[in-house]
Every structure is written in structure tokens, then in C-alpha cells.
Amino acid sequence: MCARLALAIAALLLASMVTACASPSASSAGDEPTDVAVTDVQPDAGASPVDSSSSVDSAAFVDTNTIAGPASPSPASVEFIGSRLAQMKVPGFASCVVRAGEIAWCGGFGLARLRSGTKKAAKVTKDTSFLLASVSKTIVATAFMALVDSGVVTLQQPINDNPAGVNIALPKDSGQQPIRYIDLLTHTAGIADNWSKMTLWYSDGSDSTIALKDIVAGYFLPGAKWYDANANFTGNGPAIAWQYANMGTTLLGYLIESWVKQDFGQHCKATIFAPLGMKHTSWYLADFADPDAQLAMPYTYKQGKFQPTGHYTFADYPSGALRSSAHDMARFLQMYLAGGSAAGATILKAQTVELMTKPAVAKIKSDQAIQWNRQSIDGQIWISHGGSESGVTTDLQFNPTTGIGVVLLFNGKWSGAQANTSFSEIRKHVLAQAALSQGQ
């Protein structure tokens, strides 16, 4: 269960895939079996298959559990997306599109869980919660920037100015400036991901018993359990070079916890999830009372079979362990597209949202904003963040100019040019369906 070893590469590949293909021219098994044959991918009784000639196509069905407002996928959409999921070898997919301030379209396709033994298959809906992987980092950034708005802390403030008294020093820091909060938010802090240590923190089936403060102390403090002066750091000082760092976001999550004097996950629930009505979102597996009904099982596809990973998490959870639904994340995008306010709640100031979408370290990496990325798609700038973990691929994108946002959640991974094209076609299709639903 060490998929985050390739997370930085996967996230970058996903970003480049959208840029290239969206143009006009173009472990542990948990309670599931160790593998499921493709021929066993079938919906529950009563669910209409789209194409019985394809085991993945036959798993595709429409989410009829839509709320008033968002349009449901048409039969043609079910067939179109089902065929693309078959090409990608992915069991299920959920998406919502935000347009003109509204959640204009939502759909769930395929299977959140494959049939296994006496357990029936479960279909994906707009409310199925997926492991978000690195899309989780956008929540961490939002939580921090809300503290900036409140005057608690500043972006330029050294991270060692914190209530917990944690003093983080780079091994080769003589004469260089201290790490600042902005450095953590732009992957320029000089922190590296040491996967020989980080793979030890995965937890199968339940939340980790290792506290966030212990992860931070054990990784960053000299002489501690997981400290390595060479492998835990890049060798560069702050604000010199860009290197994607999950551990930078983990550290930021803990520092937020120290400022608010509250469990980080609970703080996010109180200040972001609850105000926005994100009822299917949590950092913790324990908050999902019925995982079979509520969660999308992550799947890998090997040798013609879907293999469930089981539900898992990791102790350094702020870097990628959030679970949420397409509809909940659409609410989150609504907030960003509306200048920081949605559902009667103000999460961020309008000027803060604008700041977060601008290039933050232009001389180092021009497309790096404050945690978010800037992508050119079809000649327009989209603000985005992708995610990749074992058995999941996710993407969150919004266009401040057009007011359009899209959530794309898959409980599988893919490779190859044809699958990449299928991903691009799905993205284009859901955006087009949302436009049609609003008569545009």
C-alpha cells in the first residue's frame, strides 16, 4: 500500500494529461477477496446494464439519487461514460459540475464495490465517498488561509513561530532564511518525502493510532525515530527549488492543529465541512459507520482482474487521506467560485481566494499557486489539483473566469494513451452535459 511513492509523478502526469488531451485536437484485502475476475463485475439486481458485452460497461448505471437542482445523466451519458470506463479498466466514477454558482449536473457511474461472495455490488452515486488522495491538500490550504484571514498567522511568518514550540531546522541551514508557511504551501520548503519511512505509516481498515504530533516530531526532529538528515530533506534551502512534498502538507496540518488547539480533522469539520453542508466528508475512517454502503472501494486492475485494496489510510493523513463525495466537493468548489462564500457561510475572504489562484513562486515554478496548480486547458487557465493513490485517481478543477468547476473521482487507476484519451473525453462530456442542463 505504498502508492504515494509515485504520487508526485502521478499528479504531474494527470495534470499534463488534461492539458494535452482536453484540447480541441485532441495490499491488504480488508473484508474483500484478494481478486475479482472481470466477468464478476455485475450490478445489483434491478440495475440496468448498458452493454452486456463488456463486464465494465455492464456495471455502468445512472445515479437516480439526485437532489433537486442538479440534472441527472441521460441514458446516452450512461452508455458513453460506461464505455470509457471499460477502456480505462476502472470500476466506478462520480462527477459534479458547478456552473453559474449552481451545482448544475451530477452523476454516478459504475460500481463503488464489486460483487463478492454474498455481498452484492454497490453502485456509485453522487454521495459515494472516495479517497481523495492529494486533492485533500486543497482542504489543508483552505484551513490555513482561513487562519490568515483571521489574523492568527501570516504566509511570510516562519513556521517555527508556532504555539506548539516545534522547531524545524533544515540540516544545511546555516545562513539561510527560515522555512515560512508559504514555503510549505508551494513545495519549496526543502522538505523531501522519505518513502522508506512513510510506507510504515499505512493503516488497513482503521485509522492509524500514531498521533499527528508524533509523526511530525519523529520525522523532523534530529535523533527522532524516523529522522534522516539526507533522505527527509532536499538539500536546498527554502524558496530555492520546487520539490513536491507530502510531508510539507502533513507538517502544515499539525501546525494548524497547534494554532487552533483542536484536532485537525475536527477543526476542518467545524470550519469547512459543516458550514458548507459537506455531510459525506471526513479525514477518518471511523466516521463512516457503514463503509460498504458509504465508501467507494479502491481497485487495482492486474492480469485481467480487479483487485480491491481494502479501505486504508495513513498516519500522515493531511497529505491525502480525506474521503469525500463528488457532491460535497462540488459544494467546496462553489465556495471558491463564489469568492469564498457558499451555503450562507463565509470560509475565505474574496481577496484570499484570488491570491490563492495566482502564481505564488513564479521564478521557481510558474504554474504553482498556493497549494493549487494553474493549468492551461483549451487556451484558458484552470485552477486544479489532482490525486493518485493505490486504487484511486481524483481531480478537482475550476475556472475563475468562466465560473465553471468540475469534480472527477475514480476508484481505479489507468495507463496508456487510449485510457488517457478516455479520461479527457469523460471530462469534456460531463462539462457539456452540465451546459445542456442549463440550456447553454
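The values are calculated or read from the model by the stated rules, or taken from the named source; none is laboratory data. Since this is a predicted model, take the numbers as computed values, not measurements. Reconstructed Cβ throughout: ideal geometry from the backbone, glycine too, with neighbour counts over all protein chains shown.
When you look at residue 345, is it touching a Pro at 6+ places or on another chain (Cβ under 7 Å) and of a type in the set (Gly, Ala, Ser), yes or no? Break it down into steps so the answer makes sense when it comes.
Details: touching a Pro at 6+ places or on another chain (Cβ under 7 Å): yes; of a type in the set (Gly, Ala, Ser): yes.
In short, yes.
Residue-by-condition table, conditions (1) farther than 29 Å from residue 355 by Cβ; (2) buried (at least 24 other Cβ atoms within 10 Å of the Cβ):
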{"position": "287", "(1), (2)": "yes, no"}
{"position": "308", "(1), (2)": "yes, yes"}
{"position": "320", "(1), (2)": "no, yes"}
{"position": "327", "(1), (2)": "no, yes"}
{"position": "334", "(1), (2)": "no, no"}
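Taking the stretch 140-162 as the range and being touching a Leu at 6+ places or on another chain (Cβ under 9 Å) and either in a loop (DSSP other than H, G, I, E, B) or within 24 Å of residue 90 (Cβ to Cβ) (or both) as the test, the residues that pass are 153, 155, 159, 162. Of all residues in the stretch 403-432, those that are over 18 Å from residue 329 (Cβ atoms) have Cβ atoms under 6 Å from Cβ atoms of residues that are assigned to a loop (DSSP other than H, G, I, E, B) and modelled with pLDDT under 95, 6 or more apart or on another chain, in 424/22. Of all residues in the stretch 341-359, those that are within 12 Å of residue 145 (Cβ to Cβ) and not in a helix (DSSP H, G or I) total 4. Residues of the stretch 354-379 that are over 24 Å from residue 341 (Cβ atoms) and surrounded by fewer than 16 Cβ atoms within 10 Å (Cβ to Cβ): 359, 362, 363, 364, 366, 376, 378, 379. The residue pairs whose first member lies in the stretch 353-369 and is farther than 21 Å from residue 401 by Cα, whose second member is of a type in the set (D, E, K, R) and buried (at least 17 other Cβ atoms within 10 Å of the Cβ), and whose beta carbons are closer than 9 Å, counting only pairs six or more residues apart or on different chains, are 361/183.
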